[in-house]
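Working notes, beginning with the structure itself.
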Amino acid sequence: MKLMWFHLMPYTELPDDFREQHPSVWVDIHSSLFDPLRAHHMYNDFMDELEFAAECGFDAVCVNEHHSNGYGLMPSPNLIASSLARRTTDTALCVLGNSLALYNPPTRVAEEFAMIDVISGGRLIAGFPVGSPMDTCYAYGQNPSMLRERYLEAHDLVVRAWTEPDTFAFNGRFNQQRYVNIWPRPIQKPRPPIWIPGGGSVETWRWCAQMDHVYCYLSYYGYKAGQATMDGFWEEMDRLGKDRNPYHAGFLQFVGVAETREKAFELYREPAEYFYGRCLHVDPRFAGPPGYTTEETQRRGIQSQVAQAAAASRYESKFQTLAREMDAIVDKGYVIIGSPDEVAAQLKEVAHNLNVGHLMLLLQFGNMNKDLAKYNTKLFAEQVMPQLGDVFSEWEDRWWPKPMDRADRAALPSFQPAAQPGTMAAE
């Protein structure tokens, strides 16, 4: 099983009364809440944490794209990934991803992802989300009824730009380019592996199965709530006559590990309650624009995680639909906590029940500070990771990057302090 360290980069200083004073963490969150001087330290802490995870031996570090919100401060994950490409060695770089329908033209994605693949020596995992309604339809003004068509066309253009050796013209409904000829080209041939983040849409998992892309369920609500979605994906795989290779899927799980379960409960209570109480405070106006959810998904009664979060915000005075306090957060499986042995046992169960070979771990969440994030990361790497190494070892992971040989890659940069004026080095 591949163990991957995921970062949302949440804004860590939303006020205590955020839910009462502000209608949404997304789209129209007030600019006065953002302090760029404090965010300077947040970004640098976040990047330290990602680099530390790579040093600790995680198979990949993961970043993603969101806009106009305090839930995740990465409008451009490519900026972060390009830095990581220079500061890490063997760790895969999973960008989950670039919301294809937002790029005009989408060849921008093909070019930037190719740059990251080349800088890193072929370590890119290319993620292509359809995108949340808040990001795509409200923050970026896309028509929800055309979003999926625009996305699918952009996907085809990017894949062709990576794999077509000759300059070609592209004449689509949304994109017309007389000359498509990207430079640079990715190292990985025929292209980097493609992973598709999903939130439960029937069409997304069906398309992943048909296209042989990895389906990644980025769950807010943990393995218990994620079971039905992953069952739906594997039922579709069975219907198409495909094997149940667990590496065809990925799943995101919040985790907090400590020496004892009691200690874990104490350490991770505040960041967990911050995340579920403030980072998921979404105004229902932004959760389900007409045309965003397809007819079949509606017929099956599948509700997106965003819609669930928004419903909780709307009806919280009447009843509690989602957990926001630590006892319920843990009980419902949103966050797995415990000693290293307890966490390892639970994650083995999650992997086998969901049949997921790519386990993405949120070991920093909410307002967790850098010291606690590093503690969580290090303890997981040293005492949980070794217990999971043989899970799914009988399967081949056909969706993992194929980098250059280590001996052929550029060395990591050595960052020396700048010479002071008047010294011999400066002269």
Select from the stretch 129-170 the residues that are in a loop (DSSP other than H, G, I, E, B) and in contact with a strand residue (DSSP E or B) (Cβ under 7 Å, 6 or more places away or on another chain) and write down the one among them that is surrounded by the most Cβ atoms within 10 Å (Cβ to Cβ). PRO129
Out of curiosity, is SER83 polar (S, T, N, Q) and part of a helix (DSSP H, G or I)? yes
Going residue by residue through the stretch 42-53, is there one that turns out to be out of contact with any helix residue (DSSP H, G or I) (no Cβ under 6 Å at 6 or more places or on another chain), part of a loop (DSSP other than H, G, I, E, B) and either within 24 Å of SER99 (Cα to Cα) or β-branched (Val, Ile, Thr) (or both)? no
Can you name the number of the only condition in (1) surrounded by 24 or more Cβ atoms within 10 Å (Cβ to Cβ); (2) of a type outside the set (A, V, I, L, M, F, W, C); (3) part of a loop (DSSP other than H, G, I, E, B) that GLU65 fails? (1)
Does the stretch 172-189 contain at least one residue that is in contact with a Leu (Cβ under 6 Å, 6 or more places away or on another chain) and within 23 Å of ASP397 (Cα to Cα)? no
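Hey, among GLU266, GLU236, GLU270, GLU259, which residue is surrounded by fewer than 16 Cβ atoms within 10 Å (Cβ to Cβ), without any contact (Cβ under 8 Å) to a residue 60 or more places away in the chain and of a type outside the set (A, V, I, L, M)?
Of the residues listed, the single one that is surrounded by fewer than 16 Cβ atoms within 10 Å (Cβ to Cβ), without any contact (Cβ under 8 Å) to a residue 60 or more places away in the chain and of a type outside the set (A, V, I, L, M) is GLU266.
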Can PHE52 be described as among the aromatic types (Phe, Trp, Tyr), under 18 Å from LEU372 (Cα atoms) and out of contact with any Gly (no Cβ under 7 Å at 6 or more places or on another chain)? yes
Identify, please: which residue in the stretch 214-230 is of a type in the set (S, T, N, Q) and in a helix (DSSP H, G or I) and is, among those, farthest from MET1 (Cα to Cα)? THR229
Find the residue count for the stretch 91-111, including only residues that are under 16 Å from ASP156 (Cα atoms) and not in a loop (DSSP other than H, G, I, E, B). 8
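For residues that are assigned to a helix (DSSP H, G or I) and either of a type in the set (Phe, Trp, Tyr) or on the phi > 0 side of the Ramachandran plot (or both), tally how many sit in the stretch 231-260.
Of the residues in that region, 3 qualify.
We did not get these values from a lab; they are worked out from the coordinates using the rules stated. Treat the numbers as computed from the prediction; the structure is a model and nothing was measured. Using ideal geometry, Cβ is built from the backbone for each residue, glycine included, and neighbour counts are taken over all protein chains shown.
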